[in-house]
Structures are given as structure tokens and as C-alpha cells.
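As C-alpha cells, the structure follows; a few thoughts come after it.
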Amino acid sequence: MTGRAPLDRYDTPLWAVRLLLHHVPELRGRTLLDPCCGDGSMSLAVAGGRFQQVLTNDLDAGAPSSLHWDLRRRALWEMAKACWCVTNPPFCLTGEVIELALQHCQGVALLLRLSALEVCKGRELLELYPPLRQIVLPRIRFRGRATDQVTTAWFVWAPVGADLSGPPIVCVSKQHAQSFAERTAA
């Protein structure tokens, strides 16, 4: 099977989420929105003591989420009134998710394939609204096969007035990611 996953769903490895939290300790607030929550593990890891409320959404009716709306519905974003949106959006909707998240959330952290910088509809938003932090990860095997390895990065926009500590670009080596994953495994 070499085709795309159904609904373009690729669950985020928890080590990648833990690296985000390590490099963006400011990620906390009242409400967290994960509009493409998949199996829900990422939003659980992010929320852990950092948010009072978590709103999860996934188009897949079988996903363990509180809502099953098309993430392109503005009503989802308006209802959420999220302090932060943290998600791994479907590649085909990257531009739309960037636009909606930046319009409706105070802080945004998106795990994006770096190839989105080359071909993604909506990539011009990255030029208009550059992220304050990029955490470039080693290649991820989302489905455990060599054929689905991609280079990704967390693109992070902080709430207005917030100052993210640390450098604007962090490049995480494969060795550091492996070591970090082993040290932080629950």
C-alpha cells in the first residue's frame, strides 16, 4: 500500500509532541483546540495540566473526538474561542488550516511537512505572518515504513504580547530526538 492514508491522517508521534512542549513551555491557557485530532493522543499530551478545557475535532466519525465537523467550517473555530490551536493538519488543507488558526486562535502550533513551503496552497501566509518559532524535526515515519518518511517542523505563532523563549529556529537531530524520546517516555 503506497497511497495516502484515508482522510490524509497521519498520527503524530508523542516524542514530536514532547519536543514541542520542551521548546515552547509557554504553550498553555484556557482552551486548547485540536481540529484534526486523529487518535487524540496529541491533544491529551499537550493538554496535560496546561489547559482548562480541550476541544477535539476530527472528520472521521470513528475518531475519539468531541466533534466530527469539517475543519473548514468557521463555526468550529468561532465556537472554540481557543487560546491555542495545536494540530497536525492534512497536507491538502495546510493553507486553510493556517489561515483559520491564525484568524481564530491566540497561539498556533502546526506540525507541517516542509514540502508545504514549496507547493502548499496558502503558503504565502507564512510570508505574511511568519511563525515566531520553527522546530525542525528529523524525518518521521508516520506509518512505520521507509516509504512514508517526511521532514516536518512545528510552526509556532505565539499569542499577541507573548515572547517565546529560545531561538527562532531549532533543528533537532535524529540522535537528540531518539535520546529525548527515551528520556521522556511515559
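The values are calculated or read from the model by the stated rules, or taken from the named source; none is laboratory data. This structure is a prediction, so every number in the text was calculated from the model and none was measured. Cβ sites come from the backbone with ideal geometry, for glycine too, and all protein chains shown count toward neighbours.
Please go through the range 42-66 and pick out each residue that is within 22 Å of CYS92 (Cβ to Cβ) and touching a helix residue (DSSP H, G or I) at 6+ places or on another chain (Cβ under 7 Å). Quick ask: steps written out before the conclusion?
Within the range 42-66, the subset within 22 Å of CYS92 (Cβ to Cβ) is 42-43, 56-63, 65.
MET42, THR56, ASN57, LEU59, ASP60, listed by residue number.
Give the residue that is surrounded by the fewest Cβ atoms within 10 Å (Cβ to Cβ), with candidates limited to residues of the range 18-41 that are touching a Phe, Trp or Tyr at 6+ places or on another chain (Cβ under 9 Å) and over 17 Å from LEU55 (Cβ atoms). Spell out the reasoning first.
Taking the range 18-41 as the starting set, the residues that turn out to be touching a Phe, Trp or Tyr at 6+ places or on another chain (Cβ under 9 Å) are 18-20, 22-24, 27-33, 35, 38.
Now narrow it down to the ones that are over 17 Å from LEU55 (Cβ atoms): 18-20, 22-24.
Details: ARG18: 19, LEU19: 21, LEU20: 22, HIS22: 14, HIS23: 21, VAL24: 23.
Checked the range 18-41; the qualifying residue surrounded by the fewest Cβ atoms within 10 Å (Cβ to Cβ) is HIS22.
Would you mind finding the one in ALA153, ALA177 that is in contact (Cβ under 8 Å) with a residue 60 or more places away in the chain and either touching a Cys at 6+ places or on another chain (Cβ under 8 Å) or within 19 Å of THR12 (Cβ to Cβ) (or both)? Step through it out loud before you land on a result.
Details: ALA153 fails: in contact (Cβ under 8 Å) with a residue 60 or more places away in the chain.
Among ALA153, ALA177, only ALA177 is in contact (Cβ under 8 Å) with a residue 60 or more places away in the chain and either touching a Cys at 6+ places or on another chain (Cβ under 8 Å) or within 19 Å of THR12 (Cβ to Cβ) (or both).
Which residues, taken from the range 140-160, are at pLDDT below 80 and not β-branched (Val, Ile, Thr)?
Once the filter is applied, which keeps residues that are at pLDDT below 80 and not β-branched (Val, Ile, Thr), the range 140-160 yields ARG141, PHE142, ARG143, GLY144, ARG145, ALA146, ASP148, GLN149.
Does GLU99 count as farther than 18 Å from GLU26 by Cα, in contact with a His (Cβ under 7 Å, 6 or more places away or on another chain) and in contact (Cβ under 8 Å) with a residue 12 or more places away in the chain?
Working: farther than 18 Å from GLU26 by Cα: yes; in contact with a His (Cβ under 7 Å, 6 or more places away or on another chain): no; in contact (Cβ under 8 Å) with a residue 12 or more places away in the chain: yes.
Here the answer is no, as GLU99 does not meet what is asked.
Taking the condition over 13 Å from ALA109 (Cα atoms) and among the hydroxyl-bearing types (Ser, Thr, Tyr), does SER43 pass? Steps first, answer last, please.
Details: over 13 Å from ALA109 (Cα atoms): no; among the hydroxyl-bearing types (Ser, Thr, Tyr): yes.
When the stated conditions are applied, SER43 does not pass them.
Residues ALA61, ALA47, ALA116: which one is without any contact (Cβ under 8 Å) to a residue 24 or more places away in the chain, closer than 18 Å to VAL156 by Cβ and surrounded by fewer than 23 Cβ atoms within 10 Å (Cβ to Cβ)?
Details: ALA61 fails: closer than 18 Å to VAL156 by Cβ; ALA116 fails: without any contact (Cβ under 8 Å) to a residue 24 or more places away in the chain.
When all the criteria are applied, what remains is ALA47.
Can you tell me how many residues in the range 49-93 are among the small types (Gly, Ala, Ser) and within 24 Å of ARG113 (Cβ to Cβ)? Give the steps one after another, and end with the answer.
First, pick out the residues of the range 49-93 that are among the small types (Gly, Ala, Ser): 49, 61-63, 65-66, 75, 80, 82.
Restricting the remaining residues to those that are within 24 Å of ARG113 (Cβ to Cβ) gives 63, 65, 82.
Number satisfying all stated conditions: 3.
Going residue by residue through the range 73-84, is there one that turns out to be without any contact (Cβ under 8 Å) to a residue 12 or more places away in the chain, more than 18 Å from ARG30 (Cβ to Cβ) and either loosely packed, with under 15 Cβ neighbours inside 10 Å or not aromatic (Phe, Trp, Tyr) (or both)?
Yes, the range 73-84 contains at least one residue that is without any contact (Cβ under 8 Å) to a residue 12 or more places away in the chain, more than 18 Å from ARG30 (Cβ to Cβ) and either loosely packed, with under 15 Cβ neighbours inside 10 Å or not aromatic (Phe, Trp, Tyr) (or both).
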